[in-house]
Structures are given as structure tokens and as C-alpha cells.
Amino acid sequence: MNRSAPARLIYLDNAATSYPKPPAVVERVATSMTERGGNPGRGSHALALAAAEEIYACRALAADFFGISAHPECVIFTLNTTHALNLAIKGMLGEGDHAICSDMEHNSVLRPLYRLQTDGRITFDVFDTYPAAGRRDSPTAPRRSDGMILSSLASRITPKTKAVICAHASNLCGATLPIERIGAFCHARGIKFIVDAAQSAGVLGIDMTRMHIDALCVPGHKGLMGPQGTGMLILGEGITLDTLMEGGNGMDSLSGEMSLEAPERYEAGTLAAPAIAGLRTGMEYVREVGVERIYRHEATLGGWARDGLMALPRVTVYAPRQAGGVVLFSVDGYDSEDVGRMLDAEGICVRPGFHCSALGHRTLGTPEGGAVRASFGWFNREEDVDALLRAMRRIVG
């Protein structure tokens, strides 16, 4: 395609991956490749040992970051959140088990459950996060509440319920779930609790111990500001899963079986050591800035964008009562892809469509062509909101 590049690119797609990355992250990846280029756990030479030290340091930081500081071995490196969720869901659920997820889940939760149910291994149900009459948050609609959400969850429990899986924060809008209350609910009933933290890790505080989370699935490349190709499954103490894949891990090489010890049991093959080094630096950066400060900044920008978009004719904003840096909207008379292309022509990066969340779009009642998502990050500024609103005023005429 031949077209002039806009003078300044405005990146509003942080729910997909954060951009830009802190310069220190880029530098740490390069240093890992040039100075610590050995294969961790595959040798006793200096480069392999240096890489292994880097990997362990990242595990220890992640364990402390998410409230299980005494158990860095429970931090398992994955390719992304989807990989972590597949490992947790398929490794935890067995023949005849029942699972429950929310009506706002990403396909990284829905599709593994759907596959297991289609194969006849499990059954699953979906609990409501919005009252049926209030899914588009009209002024007269009933408000969602923690009590309503927990009541809907409780109504889906059966004697065979093994696990509840839900997103901490939606990838479509600012909606969050009361995971501390859901965790306590599950813990009191002996039900395992799996949390998708794709949109909350690094933006909202998460303490696995206090929140009774048995498996936390985390991206490295979003709120934690690490490179793409990084993620983590962090298990609660005493949780052992079936393996999703098998292979070499540097341990028990003469045995045909995977070790029972975490994390090696779940980390078959060579780890992405340079990317994990960058993830460590990303977490250090987030900790230095402060999770609460990051959330306030993103939520402020998201609030300004919601208010400005709601003032425009023919624009519908979904879940406008919810705070946070993710804003979902549609324009009457335009397909979401058309709006996305028009914004891209003005140098504004957003994501149109269905955002890998059929459940969430159905819950929010978006149009047949989906909706447009603008998602703000730490490096966005007020002028980015202004640019989005100016462009949208031109689009709606």
C-alpha cells in the first residue's frame, strides 16, 4: 500500500500488546543475547549458568509481584496467556468434571473449555456478569453488582464443579470482576480458581494468596511491559497439573516421564531466555512506577475518551459506567472495520472487530460487525485522547 505515513503514530491498542516498551527492556534483551547467550539448564558452563540465573531472578520477582514470594518454583514460563490458560484448564480438569466461566471471557478460555466438552471429557456453564436488561448500561438499566455476579455463579455450581475460570478485567471494556470475593467463594467450596490476568497484570493489584487464586495466567507483553512471546502460569502452593506437552527440561534425562517437580515439569524445551530477561526488566519498571499509578493514569485517559465519544452523534459506548483504560464503541451506519481503517489513515492505531471474545460481544450487545476498541497505556497522553476525538468528529460528520 502506498500512502504517506502520518506525522505521529498514536498507539491505542495496548490491550493487544503494550507499546512502546521501556528502553531498559530493549537493552536487557540485547544484553541477554550478547552476554548471556547460553541455554539455561543445559550445561554447567558460564553462559548457561548466567542464563539460568537470569531466569531464576525473573521467577523470584514474579512470585513476589503476585503474592507468593516463598514459592518462585510455582512460576512457569509460557509463550503467552493463552498458553498458560490451556495448560491450567487442560491440566486441572479431568474426565467428568464440570467447569464454569463468565460471560465476558476471551476465546483463550472459551475454546479450551469448548474443545474439552466437544470431546466428551467435561461439561461447562457460563455465569452472568450483567443483568439481562442492563447489558448496554443505559441510564435506566439495573446496575451490575458483586452480589448479582456471585449469585449467578452460585446458581451454576453442581456437585461435579471442579473449577471456576474468569478474567480479572475484560479485554473489551473497563469491566472487572470481584476476584477476591470469587476466590473466597471457590475456596470455601473446595473449587479451584483459575484467573485470566491478561488485562490486569501490571495494572491492578493481584495477591494470589489473599485472593485464593489456584492458577494465575499472565501475559508478559501487556501490562508488565515485556517482549511478545512471554507469559506465565503461576500456580498456588501444592497444585500439580497434568502436562500439556513433554520433552527435555534438563532434568531426569534417563526417564521417559516428565519430572513431578515444578517448574521443570511444565517447561519442556528451551525457554525464551532473552525475552524472559526483558520481562524481568519490564516488571522492575512497573514496580518502580507503581501499579496504582499506572491504573489511575490509564483510567483517567479512558474516562476522558468515554465522555468525549458519548457526546458524539451516532456513537454508542459500551459499558460506559465501568472505569479503566479500555473503551469499546461503535458508529451507526459504519462497520467497525471501516472506522478502524479511517482512524488508521489518521495515524491512530485501534482494533476493530470482535477481539477474540464472542461471549463478551454477545453480552454487551454489539452490532453485527463488531465494535472498535481503543485501549490506553502508560505511555499515552491527554493529546492522544484529543486526537482520537478530533478524528471521530470528522468521521461522524
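Report whether or not Asp242 is closer than 30 Å to Pro159 by Cβ, of a type in the set (Asp, Glu) and surrounded by fewer than 24 Cβ atoms within 10 Å (Cβ to Cβ).
Against the criterion (closer than 30 Å to Pro159 by Cβ, of a type in the set (Asp, Glu) and surrounded by fewer than 24 Cβ atoms within 10 Å (Cβ to Cβ)), Asp242 qualifies.
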Which numbered condition Ile89 misses (of (1) closer than 16 Å to Pro263 by Cα; (2) crowded, with 20+ Cβ neighbours inside 10 Å): (1)
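Here is a yes/no grid of residues against (1) open to solvent by less than 10 Å² (accessible area, probe 1.4 Å); (2) aromatic (Phe, Trp, Tyr):
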| site | (1), (2) |
| --- | --- |
| Ala215 | yes, no |
| Gln228 | no, no |
| Leu233 | yes, no |
| Tyr266 | no, yes |
| Thr270 | no, no |
Count of segment 285-320 residues which are open to solvent by 10 Å² or more (accessible area, probe 1.4 Å), hydrophobic (A, V, I, L, M, F, W, C), closer than 21 Å to Gly397 by Cβ and in contact (Cβ under 8 Å) with a residue 24 or more places away in the chain: 2
Whichever residue in segment 350-381 is open to solvent by 20 Å² or more (accessible area, probe 1.4 Å), of a type in the set (Lys, Arg) and closer than 24 Å to Tyr19 by Cβ and, among such residues, is nearest to the chain's Cα centre (by Cα): Arg351
Among (1) modelled with pLDDT under 95; (2) on the phi > 0 side of the Ramachandran plot; (3) surrounded by fewer than 21 Cβ atoms within 10 Å (Cβ to Cβ); (4) not β-branched (Val, Ile, Thr), the one test that Ala323 misses: (2)
Hey, Met283 among the hydrophobic types (A, V, I, L, M, F, W, C) and over 28 Å from Phe379 (Cβ atoms) or not: no
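Can you say whether Ala51 is more than 18 Å from the chain's Cα centre (by Cα), buried (at least 22 other Cβ atoms within 10 Å of the Cβ) and at pLDDT below 95, as far as the supplied structure shows? Full working, then the answer.
Values: more than 18 Å from the chain's Cα centre (by Cα): yes; buried (at least 22 other Cβ atoms within 10 Å of the Cβ): yes; at pLDDT below 95: yes.
Here the answer is yes, as Ala51 does meet what is asked.
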Residue within segment 253-262 that is under 22 Å from the mean Cα position of the chain (by Cα) and either open to solvent by 50 Å² or more (accessible area, probe 1.4 Å) or at pLDDT 85 or above (or both) present: no
Candidate set: segment 184-210, residues that are part of a loop (DSSP other than H, G, I, E, B) and among the charged types (D, E, K, R); chosen: the one most open to solvent (accessible area, probe 1.4 Å): Arg210
Odd one out for Cys356, checked against (1) touching a His at 6+ places or on another chain (Cβ under 6 Å); (2) among the hydrophobic types (A, V, I, L, M, F, W, C); (3) over 23 Å from Gln199 (Cβ atoms): (3)
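Of all the strands (runs of 3 or more DSSP E) wholly in segment 211-324, which have at least 1 residues that are in contact with a Lys or Arg (Cβ under 9 Å, 6 or more places away or on another chain) and under 30 Å from Arg390 (Cβ atoms)?
On the way: elements: 215-219, 231-235, 315-318.
Counting at least 1 such residues, we get 315-318.
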Among (1) surrounded by fewer than 22 Cβ atoms within 10 Å (Cβ to Cβ); (2) outside any loop (DSSP other than H, G, I, E, B); (3) touching a helix residue (DSSP H, G or I) at 6+ places or on another chain (Cβ under 8 Å), the one test that Arg115 misses: (3)
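The values are calculated or read from the model by the stated rules, or taken from the named source; none is laboratory data. Note that this is a predicted model, so its numbers are computed, not measured. Note that each Cβ is placed from the backbone with ideal geometry, even for glycine, and that neighbours are counted across all protein chains shown. All accessible areas refer to the heavy atoms of the entire protein, side chains included, with ligands and DNA or RNA removed. Shrake-Rupley method; radii C 1.70, N 1.55, O 1.52, S 1.80 Å.
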